[in-house]
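What follows is one structure encoded as structure tokens, with my remarks underneath.
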Amino acid sequence: MRETFVVLHHILVVLQFLVSLRVPLLGAAFLIGFPVLAFTKARTLFLGLFDQTPLSLLLVTLAVFCLAGTVVDNAHLITVQAIWFGLIPRPLPHLRGEQMRVVWLAAIVILTLPTLVQAIRLSRRQRRSLAALVVSAVIGLAVGSVAAWLVMGYALRPMLRFAEHAAQSSWTAWLLRVAAHGDKGLYAEHVLALCALVATTVVWAVFGICGYFQLGKPKTVPALAGLLMLVMTLAWPLAAATFYLDHWHIPTLLIVIVAVAAVANGWSRGSDHRYLLIDPASAPEPQPAEVLTATGERCVIVAAAEGGGIQAAAWTAQVLEGLRAKCGAERFDPALRMISAVSGGSVGTACYVDWLLNPGEAGRPSVSAAKSSLDEVSWGLAWPDFLRAWFPWFFGWMIDRGVALQRAWSRNCSMDPKGGKPRLLSPLSGWRQHAAKGTIPAVVLNSTVVENGFRLLMSTSALGCPDPGSARMDASEVNRIGDKQMDISVVTAARLSASFTWVTPGARAAAGPGSRRPHLVDGGYYDNYGMATLVEWLDEALTGTMTGAHSKVAKVIVLQIHSSPTDPETVQNGVVRKSDFSRGWLFQLAAPFQTLLNVRSSGQIAHNNIELNLLEQKWAGLGVQIESLSFTFPGTSAPLSWHLTEEQKQAIRDAWTEKMGECAAKVQAFLETCPTGESAVSLETKIGARMGKTQA
């Protein structure tokens, strides 16, 4: 019986020791498990993080070395503490001094390898030099090892001498005793941890400052380095909290909850996110009927661009640019009258329209929309937003990751990143006059209001006042300062339409002190396909053509641009096709959220199809033929981040050239077979008579 109690005692001691190591163990699990997860279960979200050039891999190596060093140093301090108090025996009693440093460095290097191996593996698939990638990783490891050796040796000794000298004062001695739990023999380990903290903080600050000055430029701090730096900045305070609070038997989770509540529940307005309002252009906002008939075309095209991150942006731009090349600019440009875009589709639309207005200054939209902007998002999250979140009273003035993302998009759409003011920073209302003249299509970028769930429209063509219960708002209702009507830039509108809050924050208008403006987030929460707005706009435009003396429309084709298949068919004939082992109580916990996500996509597409079919039936009886054509990207596992690898970019180009030829030919035939025999006056009389019979 006594032996049993002894065994149980040892088990409890080991468990207690492992609990005290929970933060370093979680850090090690992240370093080992995250690279595997990014290539398997979460590849749509995180795979793009590992796409590196030789130069960016050097920075990633330094970042992962700092995180691994943080994990090893904290684990070492806790282990030494446990050995000092006799909780566990010394694992390697024959190693001392320099030999122990070698063991620490070896542990750090081992923890860096999974990240580096996966980064080299993916980058090699993008046809980058394997030798250059390996050399970058080796140089980064060498620089990190030398720095760590200096910190553990040359930096530690003067710090120890300073601590011994400072300990002569009563208050410093008390502080050191508290830091080392009253044991002078542990001073060295605490001073070593302090040196490591200072060294990694310097690296974090240098990366952040360099990233700020590189915003809007082609090369900046890689996204993976930003993520690793963010985890590192969280690991230090959490490790310190568990180390000291466990000794005083204070629940660490309680302190974390109090700290989060102090900065997250409105105690400071500096932690909120706002977008900038600018002066609007003087041009009036054209009505839908005015835009629809601006070019005199009897066969017109309207498009709905789906959301879905950079995949949606690149596919939207590819489809629009490809159709223009297939049909000819002289036929396609006058026919395309309106684009309703959501999320990533809004980014692709902004790139396309900017290119139409500035063909000599803007890059091709299919190229611009596919350029990465993930580095800027990661930088904003790991540096300014981290400081804003925890110290809003001091850093609330800093830009956020949403503004950083805007700068990347503005850069991507310019052929000369070093040129003057980016064009996408001009007001969205500046496109109104071009839409009214028929030079470009009208654009409606869809967002969602957090506080009431309404669809919010940022447009260059005004829709009429919404009916009660329509759950629709216009941007003019929120973009005001007092009684003055304000506007937002094109790139801000695209960002607000694409603000999935874990990536970019929901933001409210910076309308001055005391203003109560709602927060705007991704338009995909309400309608990820943009069809609801398109149906309303087209119906109002066709209704308006009957009351004026404009040229009338005979045929309309609705382009549905989908960046991923809309019918995955995971369930067929009542049988689940994809195996799933989570059918126990864990599945029951996740079932409500999984159902909400699936209903959001399938329910939206079903309602959109119903609304479009009703619109087609209504206007078919009034002499206007409306048909629909879908351009759906055939691939699966579309990336949801703001980065595409070269393989993914090539897949988009191949999908257009190899899979969309038939659909593109239908659009071309639609324009070439447009009826021209009936006059505008006779068509107006005919439609008016039919409307009269319908009302009767």
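The values are calculated or read from the model by the stated rules, or taken from the named source; none is laboratory data. The model shown is predicted, which means the values in this text are computed figures rather than measured ones. Glycine gets a Cβ as well: all are built from the backbone with ideal geometry, and neighbour counts include every protein chain shown. Accessible surface is based on the protein model in full, side chains and every heavy atom, while ligands, DNA and RNA are left aside. Shrake-Rupley method; radii C 1.70, N 1.55, O 1.52, S 1.80 Å.
Kirkwood's formula applied to the C-alpha pairs of region 182-336 gives a hydrodynamic radius of 22.7 angstrom. With a Förster radius of 60 Å applied to the beta-carbon distance between Leu8 and Ser282, the computed FRET efficiency rounds to 0.15. The protection proxy used here, the mean number of other Cβ atoms lying within 10 Å of each residue, ranks peptides 336-342, 197-203, 520-526 as follows, highest first: 336-342, 520-526, 197-203. State which entries of Lys326/Lys555; Lys219/Lys649; Lys437/Lys666; Lys219/Lys421 exceed 22 angstrom in Cα-Cα distance in the structure shown. Beyond 22 Å between Cα atoms: Lys437/Lys666. A simple spin-label model places the labels of Thr657 and Leu130 2.7 nm from each other, with each point 7 Å out along Cα-to-Cβ.
Hey, with R₀ at 41 Å, roughly what FRET efficiency would Ala590 and Glu647 work out to, going by the Cβ-Cβ distance, to 0.05? The calculated FRET efficiency here is 0.85. Sort region 371-453 into rounded, prolate or oblate with this rule: let a ≥ b ≥ c be the square roots of the eigenvalues of the Cα gyration tensor; rounded if a/c is under 1.5, and if a/c is not under 1.5, prolate when a/b is larger than b/c, oblate otherwise. Judged from the Cα gyration tensor, region 371-453 comes out oblate (a/c at least 1.5, b/c at or above a/b). In whole angstrom, region 252-400 maps to an equivalent ellipsoid with semi-axes of 42, 18, 14, each derived as √(5λ) from the alpha carbon gyration tensor and ordered largest first. Per-residue packing, averaged as other Cβ atoms within 10 Å, sorts the ranges 637-644, 218-225, 385-392, 614-621 into the order 218-225, 637-644, 385-392, 614-621, beginning with the highest. Across region 187-345, C-alpha contacts under 8 Å between residues 6 or more apart give a mean separation that, scaled by the residue count, equals a relative contact order of 18 percent. Annotation: amide H-H contacts under 5 Å for Ala509 (H modelled 1.01 Å from N, sequence separation of 5 or more, or interchain): Tyr275.
Just to be sure I understand: if I project the alpha-carbon convex hull of region 269-326 onto a plane and average over all orientations, what area do I get in nm²?
Here the figure is 7.7 nm², rounded to one decimal.
Over region 189-260, accessible surface divided per residue gives 48 Å², non-protein components excluded, 1.4 Å probe.
Taking every Cα-Cα distance in region 12-60 and sorting them into 10 Å bins from zero, the calculated P(r) comes out as 23, 32, 27, 15, 4 percent.
Residue-wise HN-Hα couplings along region 112-122, as the Karplus relation 6.51 cos²θ - 1.76 cosθ + 1.60 with θ = phi - 60° gives them from phi, are 7, 4, x, 5, 5, 5, 5, 5, 5, 4, 6 Hz; Gly and Pro carry x.
Using the Cβ of Ala442 as centre and a radius below 11 Å, the other residues enclosed give a net charge of 0, where K and R count +1 and D and E count -1. From the C-alpha coordinates alone, can you work out the Kirkwood hydrodynamic radius of region 441-556, in Å? One decimal place: 15.3 Å for the Kirkwood radius. Relative to the current alpha-carbon distance between Leu253 and Leu113, full extension at 0.36 nm per residue lengthens the span by 47.3 nm. Put Leu228, Leu130, Leu62 in order of accessible area, highest first, and with a 1.4 Å probe you get Leu130, Leu62, Leu228. Extension gain for Ala42 to Phe391 (0.36 nm times residue separation, less C-alpha to C-alpha distance): 122.5 nm.
Can you give the FRET efficiency to the nearest 0.05 for Ser630 and Thr439, using r as the Cβ-Cβ distance and R₀ = 25 Å? In this case the efficiency is close to 0.35. All alpha carbon pair distances within region 406-480 were sorted into 10 Å bins beginning at 0; the resulting P(r) in whole percents reads 16, 37, 33, 12, 2.
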